[in-house]
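K.L.:
Next up is a structure, given as structure tokens.
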Amino acid sequence: MALLDRDGVLNVDTGYPHEPEKLILIGGAAAAVRRLNETGRLVVVVTNQSGIGLGYYDEAAMDRFHAAINTAFAPEGGHIDAFYFAPYHANAVIERFRDPDHPDRKPNPGMIIRALSDFQVDPRNALLIGDRDTDIIAAERAGVRGYLFPGGDLDAFVASVLSTEDGKN
């Protein structure tokens, strides 16, 4: 299983991105996802989406954005198998999402653990690519290898990660 953060890894983080018409993919993102699909790995997004809790957009808008991501990947033959999100934030205006330390909000590993359980994947057979330390901490807490994406071409980065992963087998 390949777990990917969303904003800053798959798409440019423009500040609470949620409008499909404003989706900007990270260079090499579609090819990277196709590459991961071709290895037989499930590709799953795990993303903090505090913009929902803060009232900037709703879950339906986020779902449309996720659909747009998959639509953008399709011409290159890539797809995301599942999206997990955490709408929680300490200052959420929506009461049920007001939680500064919810188990799903990274750096907590809840979304990762749930994805592993839902798809019955051993954490030793998973990797996570994120662009923030909180992503890597969440991966470590879930027993998953984490790789910090420094920006640039995601496909080149994924190729190097897969080379490292193949060396572990």
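The values are calculated or read from the model by the stated rules, or taken from the named source; none is laboratory data. It should be emphasised that the depicted structure is a prediction, and the values quoted were computed from it without experimental measurement. Methodologically, a virtual Cβ is constructed for each residue, glycine included, from the backbone with ideal geometry; neighbour enumeration extends over all protein chains shown.
K.L.:
Within the set of pairs 6 or more residues apart or between chains, which connect a residue that is under 15 Å from A2 (Cβ atoms) inside region 141-162 to a residue that is modelled with pLDDT under 95 and not hydroxyl-bearing (S, T, Y) with Cβ atoms less than 8 Å apart?
P.N.:
Matching pairs, first to second residue: R145/E165.
K.L.:
Looking at T134, T39, which is the one that is at pLDDT 95 or above, out of contact with any Leu (no Cβ under 6 Å at 6 or more places or on another chain) and farther than 21 Å from E165 by Cα?
P.N.:
Result of the check over T134, T39: T134.
K.L.:
Of all the residues that make up region 112-169, how many are crowded, with 17+ Cβ neighbours inside 10 Å, of a type in the set (D, E, K, R) and not in a helix (DSSP H, G or I)?
P.N.:
3
K.L.:
Identify, by number, the condition in (1) buried (at least 18 other Cβ atoms within 10 Å of the Cβ); (2) modelled with pLDDT under 95 that K106 doesn't meet.
P.N.:
K106 satisfies all of (1) buried (at least 18 other Cβ atoms within 10 Å of the Cβ); (2) modelled with pLDDT under 95 except (2).
K.L.:
For T47, state whether it is surrounded by fewer than 17 Cβ atoms within 10 Å (Cβ to Cβ), under 24 Å from P150 (Cβ atoms) and either hydroxyl-bearing (S, T, Y) or touching a strand residue (DSSP E or B) at 6+ places or on another chain (Cβ under 7 Å) (or both).
P.N.:
Considered against the rule, which asks whether it is surrounded by fewer than 17 Cβ atoms within 10 Å (Cβ to Cβ), under 24 Å from P150 (Cβ atoms) and either hydroxyl-bearing (S, T, Y) or touching a strand residue (DSSP E or B) at 6+ places or on another chain (Cβ under 7 Å) (or both), T47 comes out as no.
K.L.:
Any residue in region 79-102 that's aliphatic (A, V, I, L, M): show its pairings with residues that are in a strand (DSSP E or B) at Cβ separation under 6 Å, as long as the two are six or more apart or on different chains.
P.N.:
I80/V43; I80/V45; A82/V44; A86/N48; A92/R98
K.L.:
Shifting gears a bit: For G78, state whether it is more than 16 Å from the chain's Cα centre (by Cα), among the small types (G, A, S) and either crowded, with 21+ Cβ neighbours inside 10 Å or more than 30 Å from D166 (Cα to Cα) (or both).
P.N.:
No; evaluated as a whole, the condition is false for this residue.
K.L.:
Then there's this: Taking only pairs six or more apart or across chains, which ones have beta-carbon atoms under 7 Å, a first residue in region 13-42 that is more than 22 Å from D63 (Cβ to Cβ) and of a type in the set (A, V, I, L, M), and a second residue that is at pLDDT 95 or above and part of a loop (DSSP other than H, G, I, E, B)?
P.N.:
Partner pairs satisfying both residue conditions: none exist.
K.L.:
Let me ask another. From the list A72, A60, exactly one residue is part of a helix (DSSP H, G or I), touching a strand residue (DSSP E or B) at 6+ places or on another chain (Cβ under 7 Å) and aliphatic (A, V, I, L, M). Which is it?
P.N.:
Step by step, each of A72, A60 is checked, and only A72 is part of a helix (DSSP H, G or I), touching a strand residue (DSSP E or B) at 6+ places or on another chain (Cβ under 7 Å) and aliphatic (A, V, I, L, M).
K.L.:
Something else about it: For the subset of region 21-51 comprising residues that are farther than 22 Å from S117 by Cα and among the basic types (K, R), which member is farthest from the chain's Cα centre (by Cα)?
P.N.:
Looking at the filtered set, the residue picked out is K22.
K.L.:
Right, another one. Return the residue satisfying two criteria in turn: it lies in region 10-43 and is of a type in the set (D, E) and assigned to a loop (DSSP other than H, G, I, E, B), and of such residues it is surrounded by the most Cβ atoms within 10 Å (Cβ to Cβ).
P.N.:
D13
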